[in-house]
Structure formats: structure tokens, C-alpha cells
Amino acid sequence: VILFALLSVYGMMHGWWTDKLMKLWKITPCTDCQVPTYHPLEGGLKHYVRDHVWKHIVQRHIWRTALWTVGALLVVRIGMEQLNLGVLTAEYPFWTLVGGGLLGLIPESGPHLIVVTLFAKGAVPLSVLLTSSIVQDGHGMLPMLAHSVRDSLMLKAFNLASGLLLGIALFLAGL
């Protein structure tokens, strides 16, 4: 609950900053966007559930989500037992924070589970979890990536900078 509250407040602040910086730096979004219209005459809950939820999410993505989850748990388990991952994260906490931010750049939520699991096991501090959570947007980036690679990369850069800014501040505060 605390994580969601922090991310909500920080997300609103980050959105406000981003809008201000884009105006200040004269960045115009969507200069290369092509926004197609999908089934403009087709509508309704039946279509949404059948095509988007069942055919797309359940049939195409549920197994990937399960594999990412199992894979992330295995990476942490093997890493903690065989590679002394707990020792590495304790010995290099700042680089763990940077790594968590970089891991968040992947437009999938699965890798983020590694950071969540490490936090749950007490192997990384809150600053690492928050950094990764701010940068990570799961599948939410994929539709934007399809419309504008430029804007997607720019957004990821803003998110990484914002996540590292808060993460480093919390890291220096001992969190």
C-alpha cells in the first residue's frame, strides 16, 4: 500500500515535471506518430472481451506471464543460493539500484519481478524497488512503441532519470 501511494504521488509529480521540461526544451511529442483507427464501427463489451481479453491476453500472453514469473523466481532462488546474490546486492547497493533502473527499461513486467522478489527477501532496499517500479511500465509501452519509437525512447529516458533521481535520494537517506 505504501509503495502504491508513493508511486501515485511521485507519478503525478513526474508527469507535471515532464510536461514542464518538454515545453522548456521545446520537445514536440508525436511528430512521427501514426495513430490508426481500429474497428471504428465495431464496439461493445462482447467484442472487447472476445478479441482483446480472450484472444489476445489469455491465449497469447498468459503463458508468457507465467514463464516470466517462474523464471524470475528461479533466477532469484538460484542467484541467492548459488551466486551469492544477497552478498553482491549488499556489497554493491548503489550498482544494484542502477541495475534495477536499467532492468526497468525492458518493456515487459517479468524482469521487474526479480527486483520485487529480492526486495521481499530483504536483499535490496526500498530505493531499489522504487527505482525499478518508476522505470518499469510493463506492456504499457508496447502500444506506444508501435506508434513512435522516438517518443517511446524519450519517455523511457525521462522515466529512467526520474527513477534514478528518487532512488539515489532515498539511497543516500538510507532507504
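The values are calculated or read from the model by the stated rules, or taken from the named source; none is laboratory data. Every value quoted in this text rests on a predicted model; they were computed, and no experiment measured them. All Cβ positions, glycine included, derive from the backbone under ideal geometry; neighbour counts span all protein chains shown. SASA here: full protein model, heavy atoms, side chains in, ligands and nucleic acids out. Shrake-Rupley method; radii C 1.70, N 1.55, O 1.52, S 1.80 Å.
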### Task
State the answer as a single residue: which of THR65, ALA173, GLY163 lies farthest towards the positive end of the charge dipole of the chain, with beta carbon charges of +1 for Lys and Arg and -1 for Asp and Glu, about the Cα centre.
THR65
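Ratio of Rg to Rh for segment 17-175, alpha carbon only, Kirkwood?
Working: Rg = 18.8 Å, Rh = 17.8 Å.
Checking Rg against Rh, the ratio lands at 1.06.
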### Task
Quick one: accessible surface of SER109, probe radius 1.4 Å, all protein chains present, in square angstrom to the nearest 10.
60
### Query
Under 20 Å from the Cα of LYS23, which lysines turn up, not counting those fewer than eight places away in the same chain?
LYS156
### Query
What aspartates and glutamates sit close enough to LYS26 to cross-link, taking a C-alpha to C-alpha distance under 15 Å and skipping anything fewer than 8 places away on the same chain?
ASP151
### Query
For HIS61, what charge total do you get from the other residues with a beta carbon under 11 Å from its beta carbon, if Lys and Arg give +1 and Asp and Glu give -1?
+2
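Given DSSP loops and a limit of at most 13 other Cβ atoms within 10 Å, what is the longest stretch of the chain that contains no such chymotrypsin sites (Phe, Trp or Tyr not before Pro)?
Numbers: sites that count: TRP25, TYR38.
Here the longest run is 39-175.
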